[in-house]
1. Of all residues being within 14 Å of the ligand (Cβ to nearest atom) and among the basic types (Lys, Arg) in region 101-150, which is farthest from Glu46 (Cα to Cα)? Just the residue, please.
2. Let me confirm something: among Lys119, Lys133, which residue is at pLDDT below 95 and in the same structural domain as Phe70 (by TED's automatic domain parsing)?
3. Go through (1) closer than 29 Å to Met30 by Cβ; (2) in a loop (DSSP other than H, G, I, E, B) for Gly111 and report which single condition fails.
4. Considering region 44-92 alone, what residues qualify as being part of a loop (DSSP other than H, G, I, E, B) and more than 16 Å from the ligand (Cβ to nearest atom)?
5. Report, by residue number, each residue of region 107-139 that is surrounded by fewer than 17 Cβ atoms within 10 Å (Cβ to Cβ), of a type outside the set (A, V, I, L, M) and farther than 14 Å from Trp72 by Cα.
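The values are calculated or read from the model by the stated rules, or taken from the named source; none is laboratory data. The shown structure was predicted, so the numbers you read here are calculated from the model rather than taken from an experiment. FYI the Cβ positions are ideal-geometry reconstructions off the backbone, even for glycines, and counts take in every protein chain you see.
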Amino acid sequence: MNPAPNKKMQTDPAKAGPLMRGVSGIRKIMKYEALNFKEKLSLFEEQWSPKVIAEMNDYQFKIVKIKGDFVWHDHKDTDETFIVLEGKLRIDFRDGQVYLSDGEMFVVPKGVEHKPYAKEEVKMLLIEPRGIKNTGDEDGELTAENDIWI
Ligand code: NI
């Protein structure tokens, strides 16, 4: 008996595009398929654990669910973009805060201390260079593993 085919492993020839070279030099097939935030968000439950859904040059697009208080941190070498997909996010700064709702974004400049906060769960998209630690220079309970693709 053949094992049941794993749908994920199959490539629909109608959606398969040309071969392209990934960042690690590995050849992969470009798929003519839209990435859907809702669908990607439905694949995991855990909070504070960003998942990579795409890369553009050296930048990664990561979706994440958060609730509660994060830790104060900054990123010495890069700006960080927050795009709220669903929910209400507050980003605290040492001298103020910004509120973001569905469809709103904010770029935190490099070196600026910030602390995301969400009273209820927020689903968002982060854009930042590959390899950036979510807690900045600090290692802690909320430090997430990098390069987890979904
Ligand atoms: Ni940050």
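1. The qualifying residue farthest from Glu46 (Cα to Cα) is Lys110.
2. Values: Lys119 fails: at pLDDT below 95.
Just one listed residue meets the conditions, Lys133.
3. (1)
4. The initial filter retains those residues of region 44-92 that are part of a loop (DSSP other than H, G, I, E, B), namely 44-50, 57-58, 70-72, 74-79, 87-88.
Within region 44-92, Phe44, Glu45, Glu46, Asn57, Asp58, Gly87, Lys88 qualify.
5. Pro109, Lys119, Glu120, Glu121, Pro129, Arg130, Gly131
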